[in-house]
Amino acid sequence: MSGMHLYLFSNQEQLRLLLQSLLLGAGAGLLYDALRALRRQTGCGRAMTAVLDAVFWLVLSAAVFRFGLVFAPGQARFFVLAGAFCGAGLYFAALSGAVLAVFAAVLSAAARALRAAAAAAQGVQNALHRAGLTEKIIFLTKKFGKSSSLFRRKGIK
């Protein structure tokens, strides 16, 4: 065991690690709510739900792995997992409802903006069609696509 170095945490460092693990759990809850709001807003089916669940678990696994390497120097500590679970529990008990309402409002506003932009684009397309501009644009595109006889005589296509 002479080559193995075990880093010992002071009480203050362990308390800081516990508080950081609480934040990790709250962040996991926030990510879960963001994906949950997206699922609710889009009304996605089973396949998309499975994809979003996979995204959640991949991000969470990477975050826990990084947390263990960066903050807990690779040492498995039971209180870190307990702190993360408590952080998630506190988040869901205290903030989840309000955060979901904010996410729902933001996603709803974004959906309305997208619908308005699509309606405006459709209106512009209809106006162009009524004015006959789409046919004129197509005609000019075809005309300029052909090579000119002037260029053909000079050997340019």
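The values are calculated or read from the model by the stated rules, or taken from the named source; none is laboratory data. The structure displayed is predicted, hence computed values, not measured ones. Quick reminder, even Gly has a Cβ in these numbers, built from the backbone with ideal geometry, and neighbours come from all protein chains shown.
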For Ala62, state whether it is of a type in the set (Gly, Ala, Ser), part of a helix (DSSP H, G or I) and closer than 17 Å to Ala34 by Cβ.
yes
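Residue by residue, here is whether (1) of a type in the set (A, V, I, L, M, F, W, C); (2) more than 30 Å from Arg16 (Cβ to Cβ) holds:
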site	(1), (2)
Arg77	no, no
Phe85	yes, no
Val102	yes, no
Ala116	yes, yes
Val124	yes, yes
His129	no, yes
Hey, can you tell me all the residues within segment 8-23 that are modelled with pLDDT under 95 and of a type in the set (A, V, I, L, M)?
Leu8, Leu15, Leu17, Leu18, Leu19
Does Asp53 satisfy being within 30 Å of Ser108 (Cβ to Cβ), touching a Ser or Thr at 6+ places or on another chain (Cβ under 8 Å), charged (D, E, K, R) and modelled with pLDDT of 90 or more?
no
For the subset of segment 125-157 comprising residues that are surrounded by fewer than 10 Cβ atoms within 10 Å (Cβ to Cβ) and hydrophobic (A, V, I, L, M, F, W, C), which member is modelled with the highest pLDDT?
Phe144
Only listed residue being in a helix (DSSP H, G or I) and loosely packed, with under 15 Cβ neighbours inside 10 Å, chosen from Ala84, Ala93
Ala93
Read through the list (1) surrounded by 15 or more Cβ atoms within 10 Å (Cβ to Cβ); (2) part of a helix (DSSP H, G or I); (3) more than 24 Å from the chain's Cα centre (by Cα); (4) not charged (D, E, K, R), then give the number of the only condition that Ala72 fails.
(2)
